[in-house]
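Report on the structure given below.
FYI, it's all coordinate maths here, none of it is from the lab. From a predicted model like this one, the values you see are computed outputs, not experimental measurements. Cβ coordinates were reconstructed from backbone atoms using ideal geometry, including for glycine residues, and neighbour counts include every protein chain displayed.
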Amino acid sequence: MSDRGADVGGDNGALVLLSGGQDSATCLAWALDRFARVETVGFDYGQRHRVELDFRARIRARLAGLNPAWASRLGDDHMINLASLGEISATALTRDVALEMDANGLPNTFVPGRNIVFLSFAGALAYRRGLRRIVGGMCETDFSGYPDCRDDTIKAMQVTLNLAMDKRFVLETPLMWIDKAGVWALADQLGGERLVEVIRSQTLTCYLGQVEPVHEWGRGCGECPACQLRKNGHAAWRRGHVGIGEEP
Ligand code: ZN
């Protein structure tokens, strides 16, 4: 179990966007490994897979149980109601429709503006809580083409938040340039088999919110795009094929 001995200080606080999925749980472990004070935030926007929100408390408790240093750094959890975001988006993540590609070539799981809304609220919360770093699981390597997961979008949001709030926030995206196999490898590196087991059994990524069965790669239907990505990434990691994306 790694422990970087994070400094205590105002500069070293972080707010992690924790959805209850594999990526955000890995980001939480990454932040607990580095920063002196780590708080978490979740968003309820009426998502179809909102059962994943139930996993958030379990993830927090299990990660704290893995390492006393992590337990001492883990601070408050915040839940923000964004029902209005769900009301204005008609997507497969918020409506009971089949998952498919839309006319723009984007999956209809895309909730327009979701990440910029999340980051705006996270910024306002981080401002109030005195946390400098905002950590999210956005990824450009294995993404589904969501434009708000792109590195340029996140960098632009960092500039916008800092200008708008007169702060020096740092938006941290530790998964940006790794693929799903790399996300499994990162968990292994941060917390070994015990962390990998927490990620496998206590996170939910499935778009359909299917909690059972628990496969060797985790929970889910096994068929939706999110499950496929997770399953294939797990298999690639087990084979030792960890991909690192090209940073432009
Ligand atoms: Zn699924």
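If you find the alpha carbon centre of segment 185-201 and of segment 25-67, how far apart are they in angstrom?
Result: 14 Å between the Cα centres.
Which distance in nm do the two modelled labels at Lys167 and Lys155 give, with both placed 7 Å along the Cα-to-Cβ direction?
2.2
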